[in-house]
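Novice: A single structure is presented below for examination.
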């Protein structure tokens, strides 16, 4: 039987904070306790926000915490062809469609629909896709793409769910409302999610499903804010014939106002805490691990 595989996968769009430390330490400790492997992955598909100096800072902060990981480190920006291949497979199954509305146009469509009744939101609070591109004629889609129109490539959630059937995942942590054990996935709650864009052939949801499978990740340990994202990841795993890891969602560290920590919150930034004399042992105490 192969050793279990855990991973910590930050985005280099800011410095790590105490909440990141909690997640990284939990992954490292659980891997060590299980006699398994600990991987570091850099999720840097957002070229507008991710910066090389933040990658360097991630390595420095994790080393300071006493964590060790396998090399080479997987960086998503170096694997775009693998994501394109996955999108091509979903397209061949007729499970994706391009939408051409700008963010401003989508906001206008939502406002128009909400003049009659509240438009549904996804688990993160964002409005579900309100457009009609799903039913656009193929020749019109092709003409717009050939003309250079920007677009988002979306998953046809109704077709995808019909294709995959009911899905669950194994939860050894705890969801926001105490969910654990076999949890029923609810991909419909996310609507026609974006899987890629004209300029970037992937998204968080698609990349994380592909990466976990290709890296042989067996245990996904992450914060409760990503609990319901697992519904989308389980759907993509089913559509792309990928293995399903065991999931373990942990509590979040909140600020004084009860909000999830932000990378802009310097009061909990690991670099700032280190500069103020805090030790790695203190970080474990502050994070409660």
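Novice: With (1) farther than 19 Å from residue 205 by Cα; (2) assigned by TED's automatic domain parsing to the domain that holds residue 208; (3) loosely packed, with under 11 Cβ neighbours inside 10 Å as the list, and residue 72 as the residue in question, which single condition is left unmet?
Specialist: Going through the list (1) farther than 19 Å from residue 205 by Cα; (2) assigned by TED's automatic domain parsing to the domain that holds residue 208; (3) loosely packed, with under 11 Cβ neighbours inside 10 Å, residue 72 breaks only (2).
Novice: Still on this model: Taking the conditions exactly as written (within 19 Å of the chain's Cα centre (by Cα), crowded, with 19+ Cβ neighbours inside 10 Å and modelled with pLDDT under 95), does residue 239 satisfy them or not?
Specialist: It is false that residue 239 is within 19 Å of the chain's Cα centre (by Cα), crowded, with 19+ Cβ neighbours inside 10 Å and modelled with pLDDT under 95.
Novice: Taking the range 134-193 as the region of interest, how many residues are in contact with a helix residue (DSSP H, G or I) (Cβ under 7 Å, 6 or more places away or on another chain) and more than 24 Å from residue 91 (Cβ to Cβ)?
Specialist: 4
Novice: Sticking with this one: Mind listing whichever residues of the range 224-249 are assigned to a strand (DSSP E or B) and touching a helix residue (DSSP H, G or I) at 6+ places or on another chain (Cβ under 6 Å)?
Specialist: 247, 249
Novice: Tally time: how many residues in the range 52-99 are within 26 Å of residue 240 (Cβ to Cβ), over 20 Å from the mean Cα position of the chain (by Cα) and not in a loop (DSSP other than H, G, I, E, B)?
Specialist: Final tally of qualifying residues: 7.
Novice: Determine whether residue 247 is under 24 Å from residue 82 (Cα atoms), assigned by TED's automatic domain parsing to the domain that holds residue 120 and modelled with pLDDT of 95 or more.
Specialist: no
Novice: Would you check if there is a residue in the range 114-129 being under 28 Å from the mean Cα position of the chain (by Cα), farther than 27 Å from residue 176 by Cα and either exposed (fewer than 15 other Cβ atoms within 10 Å of the Cβ) or not assigned by TED's automatic domain parsing to the domain that holds residue 185 (or both)?
Specialist: no
The values are calculated or read from the model by the stated rules, or taken from the named source; none is laboratory data. Please read all numbers here as calculations on a predicted model, not as lab measurements. We place every Cβ from the backbone using ideal geometry, glycine too, and count neighbours over all the protein chains shown.
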